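Here is the structure we will look at.
The values are calculated or read from the model by the stated rules, or taken from the named source; none is laboratory data. Source: prediction; values computed, not measured. With ideal geometry, Cβ positions are generated from the backbone for all residues, glycine too; neighbour counts draw on all protein chains shown. To get the accessible areas, we keep the full protein, side chains included, count just its heavy atoms, and leave off ligands, DNA and RNA. Shrake-Rupley method; radii C 1.70, N 1.55, O 1.52, S 1.80 Å.
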Amino acid sequence: MGKIFLKIAVVYFSIGVLLGMTMGIIHDFRLTSVHAHVNLLGWVSSALFGLIYSVYPFAANTKLAKTHFWLHNIGLPVMMIGLVCESFGIAAALPVMIVGSLAVVVGTLLFTTNVFKMIKK
């Protein structure tokens with residue numbers, strides 16, 4: 001689980017860097033919030049999940065970890081699609097963004113539960 005989170009993290013990092021560079025080149029910064037979310041939830045959070053699961057592999061081998069993984073990595077792209085649409089004025093995309101966001105939040109709460117449950121003194 002740790003290795004796969006790290007691999008996905010560097011994909012998000014590449015997407016975030018390319019998005020930031022593209023916005024700078026074309027001087028259109030409507031996707032700044034997408035850029036920030038991809039970098040923070042995609043790159044940074046996924047890298048930290050990967051490192052934590054690498055240090056505590058027994059925590060990575062739980063149903064909580066697997067559910068967290070899927071909620072995060074389905075929810076984040078769905079949330080980003082909704083946010084891109086919102087950034088271009090498509091108000092109907094709000095429910096898409098909400099569903100993706102909720103998946104990420106539930107995944108994060110499962111990660112938190114897993115850490116407290118599996119990593120004891």
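Does Lys117 qualify as being surrounded by fewer than 20 Cβ atoms within 10 Å (Cβ to Cβ) and modelled with pLDDT under 95? Yes.
Examine segment 41-53 for a residue that is under 16 Å from Val84 (Cα atoms) and either of a type in the set (Lys, Arg) or out of contact with any Cys (no Cβ under 6 Å at 6 or more places or on another chain) (or both), and state whether such a residue exists. Yes, because at least one residue in segment 41-53 is under 16 Å from Val84 (Cα atoms) and either of a type in the set (Lys, Arg) or out of contact with any Cys (no Cβ under 6 Å at 6 or more places or on another chain) (or both).
Yes/no per residue for (1) acidic (Asp, Glu); (2) surrounded by 12 or more Cβ atoms within 10 Å (Cβ to Cβ); (3) over 18 Å from Ile4 (Cβ atoms); (4) out of contact with any Asp or Glu (no Cβ under 6 Å at 6 or more places or on another chain):
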{"site": "Phe69", "(1), (2), (3), (4)": "no, yes, no, yes"}
{"site": "Ile81", "(1), (2), (3), (4)": "no, yes, yes, yes"}
{"site": "Val84", "(1), (2), (3), (4)": "no, yes, yes, yes"}
{"site": "Phe88", "(1), (2), (3), (4)": "no, no, yes, yes"}
{"site": "Ala92", "(1), (2), (3), (4)": "no, no, yes, yes"}
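Any residue in segment 52-77 that is free of Cβ contacts under 8 Å to residues at least 60 places away in the same chain sitting within a Cβ distance under 6 Å of a residue that is among the hydroxyl-bearing types (Ser, Thr, Tyr) and open to solvent by less than 60 Å² (accessible area, probe 1.4 Å)? List the pairs, counting only those 6 or more apart or interchain. Pairs that qualify, where the first residue is free of Cβ contacts under 8 Å to residues at least 60 places away in the same chain and the partner is among the hydroxyl-bearing types (Ser, Thr, Tyr) and open to solvent by less than 60 Å² (accessible area, probe 1.4 Å), are Ala60/Tyr53. Is segment 29-36 home to any residue that is open to solvent by 70 Å² or more (accessible area, probe 1.4 Å), part of a helix (DSSP H, G or I) and touching a residue at least 24 places away in the same chain (Cβ under 8 Å)? No, that holds for no residue.
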